[in-house]
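A short write-up of the structure that comes next.
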Amino acid sequence: MDVSNLVQTVAIYALPVLFAITLHEAAHGYVARHFGDMTAYAQGRISLNPARHIDLVGTILVPIAILVASKLAGASGFLFGWAKPVPVNYSALRRPRQHMMWVAAAGPASNLVMAIGWAALYKLGASFPPGDYATPLKLMSVAGIEVNVVLMLLNLLPILPLDGGRIVASLLPARLSWQYSKLEPWGLPILLLLMFSGYLGVILGPMVRTSFNIIGAVFRF
């Protein structure tokens with residue numbers, strides 16, 4: 001393994017991963033406060049300061065481990081991680097079932113906005129003459145698009161406790177929603193099974209490629 005190449009890769013992905021994960025969580029808190037739940041605000045978690053959201057394992061160690069494993073295997077993998085979950089008391093929302101959907105959707109929506117922002121930065125970098133600034137900016141921008149698209153699509157999977165699962169639960173009739181919510185303890189094992197079996201890549205791969213193609217078409221690169 002080329003250590004210098006690994007260090008360069010970590011440096012390129014560091015900021016995109018940090019902001020993609022932490023701003024995702026902050027977005028949940030902002031929308032929850034908007035709809036009446038002050039839990040995250042009272043705990044100082046409604047903040048754009050990444051330090052308030054960093055989880056040592058999920059925000060730092062897991063993404064680095066995935067990068068190292070990908071380099072050792074000579075293959076590309078889906079880079080993802082997680083931050084400290086922003087506490088949300090759904091019963092404190094003014095209309096719990098309806099507003100739960102918007103609180104859950106805020107995280108993936110923030111990743112979409114960031115992906116678009118990184119695409120704009122890539123377009124800006126492509127307008128500069130090749131050099132010491134343009135190349136790193138373009139590489140980091142591609143990483144930013146990749147990380148945010150993957151996190152957005154991953155979190156939209158209809159598996160509790162992912163955001164997609166919360167959205168489904170809010171849309172189902174009350175009785176079905178209650179029955180569906182009882183599957184939440186199985187959510188993480190299902191996700192890990194999909195990941196280690198390779199099926200997660202099979203599910204997300206076409207959606208990630210399509211998203212990249214759409215963003216590329218919009219920004220013409």
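The values are calculated or read from the model by the stated rules, or taken from the named source; none is laboratory data. Quick caveat, the model's predicted, so the values are computed rather than measured. Cβ: placed from backbone, ideal geometry, glycine included. Neighbour counts: every protein chain shown.
Before moving on, here are some points about what is shown:
- Test: residue in the range 10-22 that is under 19 Å from the mean Cα position of the chain (by Cα), in a helix (DSSP H, G or I), without any contact (Cβ under 8 Å) to a residue 24 or more places away in the chain and loosely packed, with under 15 Cβ neighbours inside 10 Å: yes
- Test result for SER110, polar (S, T, N, Q), assigned to a helix (DSSP H, G or I) and buried (at least 20 other Cβ atoms within 10 Å of the Cβ): yes
- Counted residues, the range 123-176 - those being under 22 Å from PHE219 (Cα atoms), of a type outside the set (A, V, I, L, M), at pLDDT below 95 and assigned to a helix (DSSP H, G or I): 7
- TYR30 being of a type in the set (Phe, Trp, Tyr), within 30 Å of MET100 (Cβ to Cβ), surrounded by 18 or more Cβ atoms within 10 Å (Cβ to Cβ) and more than 14 Å from the chain's Cα centre (by Cα): yes
- Top-ranked residue of the range 203-217 - restricted to ones that are surrounded by 12 or more Cβ atoms within 10 Å (Cβ to Cβ) and hydrophobic (A, V, I, L, M, F, W, C), ranked as farthest from ALA143 (Cα to Cα): ILE203
- Selection from the range 95-131 of residues that are within 23 Å of VAL17 (Cβ to Cβ) and among the charged types (D, E, K, R): LYS123
- Flag for ALA26 being assigned to a helix (DSSP H, G or I), more than 21 Å from MET140 (Cα to Cα) and in contact with a Leu (Cβ under 7 Å, 6 or more places away or on another chain): yes
- Test: residue in the range 39-61 that is farther than 25 Å from VAL103 by Cβ, surrounded by 15 or more Cβ atoms within 10 Å (Cβ to Cβ), at pLDDT below 85 and under 15 Å from the mean Cα position of the chain (by Cα): yes
- Residue in the range 192-206 that is more than 21 Å from ALA106 (Cα to Cα) and assigned to a loop (DSSP other than H, G, I, E, B) present: yes
- Of all residues in the range 172-202 being surrounded by 13 or more Cβ atoms within 10 Å (Cβ to Cβ) and of a type in the set (A, V, I, L, M, F, W, C), the one that is farthest from the chain's Cα centre (by Cα): LEU172
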